[in-house]
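Let me begin by presenting the structure, written as structure tokens, before commenting on it.
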Amino acid sequence: MEAARAAVRIAEINLGYCRVTAPIDGRIDAREFDVGNYVGDGQSTVLATIVRVDPIYAYVTPSESDLLRVLNRASPGKPLDYRETAIPVEMGLADETGYPHTGKVDYIDPSVDSGTGTIRVRGVFDNPGGAIMPGLFVRIRMPSERREDALLVPDRSIGSDQGGSYLLVVGPDDKVERRTVEPGVEVDGMRVVDGQVSPEDRVVVDGLLRARPGLQVMPKFETASEGKPAEAPPAQVTASH
């Protein structure tokens, strides 16, 4: 009787080997063997490969200085445990404008690569429906600073010479004036600026080669229907980078 029970148990175990189940959801590639083929032969055999697509992971290697700015913002003055403190991260595909996908950091390498001065960071993103395919090139952005009422101007309006960066603005008497500024981060074609400019100033964004300080001009304001406006006022928004 005992021998018969043992034989039944062995048969159940062997039958269990005939059904292979995946421990994760995902997409499977082409199978390497068809029904009826012999597999194994004393060695492990890859039947097919399953790729997990939801959630999906993206890897980025920021410099140590960039990463430290992000960590100091998320946890100022103390060590950060990314498993308890969520670090937001944004992602955009090569054919997308901006960074429409949001996620969070779920892994940071414990050491810096001394050869490159970078550290590997992994972000995790929801991917319902598997729209984002594994292996794609993506753009990653992690906010390191948040400024309320940041002043932005069109990026093409900023000039530069030996004296530094500057803007040309049209004064109350319609004369061009030069204003020294310090450019910051770029946000969707706009540039954060600090310096001698205010939200009320009219910034020259077209015809920069013809405009000179002290020159009398006939200003033309930017409108949505015009492709290349002559001037536009700065904008105040909340900027993150």
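The values are calculated or read from the model by the stated rules, or taken from the named source; none is laboratory data. Worth saying up front: this structure is predicted, and the values here are computed from it rather than measured. Glycine gets a Cβ as well: all are built from the backbone with ideal geometry, and neighbour counts include every protein chain shown.
Observations, loosely collected:
- Pair list, Cβ < 7 Å and 6+ apart or interchain, from the range 134-160 residues that are more than 13 Å from V205 (Cα to Cα) to residues that are of a type in the set (K, R): S144/R69; S144/R73; E145/R73
- Residue that is nearest to P143 (Cα to Cα) [pool: residues in the range 178-207 that are of a type in the set (D, E, K, R) and assigned to a loop (DSSP other than H, G, I, E, B)]: D188
The rows are residues; the columns are (1) under 29 Å from T61 (Cα atoms); (2) among the polar types (S, T, N, Q); (3) exposed (fewer than 15 other Cβ atoms within 10 Å of the Cβ); (4) not assigned by TED's automatic domain parsing to the domain that holds E90.
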position: P128; (1), (2), (3), (4): yes, no, yes, no
position: A150; (1), (2), (3), (4): yes, no, no, yes
position: S157; (1), (2), (3), (4): no, yes, no, yes
position: P183; (1), (2), (3), (4): yes, no, no, yes
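- Output for the range 5-47, where each listed residue is assigned to a loop (DSSP other than H, G, I, E, B), touching a strand residue (DSSP E or B) at 6+ places or on another chain (Cβ under 6 Å) and closer than 30 Å to R139 by Cα: G26
- Long-range neighbours under 6 Å by Cβ, at least six apart or interchain, first residue under 24 Å from D149 (Cα atoms) and modelled with pLDDT of 85 or more within the range 172-193, second charged (D, E, K, R) and crowded, with 18+ Cβ neighbours inside 10 Å: P183/R191
- Qualifying positions in the range 94-126 - closer than 27 Å to E64 by Cβ, among the hydroxyl-bearing types (S, T, Y) and either part of a loop (DSSP other than H, G, I, E, B) or not assigned by TED's automatic domain parsing to the domain that holds T61 (or both): Y99, S111, S114, T116
- Every condition in (1) in contact with an Asp or Glu (Cβ under 7 Å, 6 or more places away or on another chain); (2) surrounded by fewer than 16 Cβ atoms within 10 Å (Cβ to Cβ); (3) modelled with pLDDT under 80 holds for A232 except the one numbered (2).
- Filter pass, S240 being in contact with a strand residue (DSSP E or B) (Cβ under 8 Å, 6 or more places away or on another chain), modelled with pLDDT under 80 and surrounded by 13 or more Cβ atoms within 10 Å (Cβ to Cβ): yes
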